[in-house]
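Please read the structure below before turning to the comments.
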Amino acid sequence: MPDPKPAYAIADKLVVAQGKDVRATLMTFEFGQEIPWHSHTHVTDSSFCLEGAVEIAFRGPDETRVLGCGEWLQATVGRAHRVRCLGPGPCRVLLVQGVGEYDFVPQPQTP
């Protein structure tokens, strides 16, 4: 069964809005911090870069995108992805997840 409380550490994580099947979280990463490879069974992740540079990598097919301030990208239901701060300073991301029940399905850390 997927772990609803993933094991990773970032500088700050604040849920700013939450409903039955959608939530918005403000996340702050220091250089090198990441959310490891994972997927979601029901929700799409929409990541909006608010500060710094954030890298979002995908599998199936493999793809890597770097977002700067004001840019956004979606990780669709079931697609494995990883999110990390490229530095040199911190980055802030607004993550909107939905529509559906949240879960965190860890994926192998190497392809």
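Of note:
- Only one of the listed residues (ARG65, ARG23) is more than 12 Å from the chain's Cα centre (by Cα), of a type in the set (Lys, Arg) and surrounded by fewer than 16 Cβ atoms within 10 Å (Cβ to Cβ). That residue is ARG65.
- Odd one out for ALA9 among (1) outside any loop (DSSP other than H, G, I, E, B); (2) under 14 Å from the mean Cα position of the chain (by Cα); (3) free of Cβ contacts under 8 Å to residues at least 40 places away in the same chain: (1)
- The single condition among (1) polar (S, T, N, Q); (2) touching a residue at least 60 places away in the same chain (Cβ under 8 Å); (3) surrounded by 14 or more Cβ atoms within 10 Å (Cβ to Cβ) that THR41 does not meet is (3).
- If you go through segment 71-111 and pick out every residue that is small (Gly, Ala, Ser) and under 16 Å from VAL54 (Cα atoms), you end up with 3.
- Every residue from segment 49-73 that is part of a strand (DSSP E or B) and over 22 Å from THR110 (Cα atoms): CYS49, LEU50, GLU51, LEU67, TRP72, LEU73
- Residue-level check: of (1) assigned to a strand (DSSP E or B); (2) surrounded by 16 or more Cβ atoms within 10 Å (Cβ to Cβ); (3) not acidic (Asp, Glu), ARG79 misses just (1).
- All positions within segment 12-48 that are assigned to a loop (DSSP other than H, G, I, E, B) and aliphatic (A, V, I, L, M): VAL43
- Failed criterion for VAL43 (all others in (1) touching a His at 6+ places or on another chain (Cβ under 6 Å); (2) within 14 Å of GLN97 (Cα to Cα) hold): (1)
- Only residues that are of a type in the set (Val, Ile, Thr), under 15 Å from VAL54 (Cβ atoms) and free of Cβ contacts under 8 Å to residues at least 40 places away in the same chain were counted across segment 12-26, and they come to 0.
No lab work stands behind these numbers, since they all come straight from the coordinates. If you're wondering where the values come from, they're calculated on a predicted model, not measured in any experiment. Note: ideal-geometry Cβ built from the backbone for every residue, glycine included; neighbour counts use all protein chains shown.
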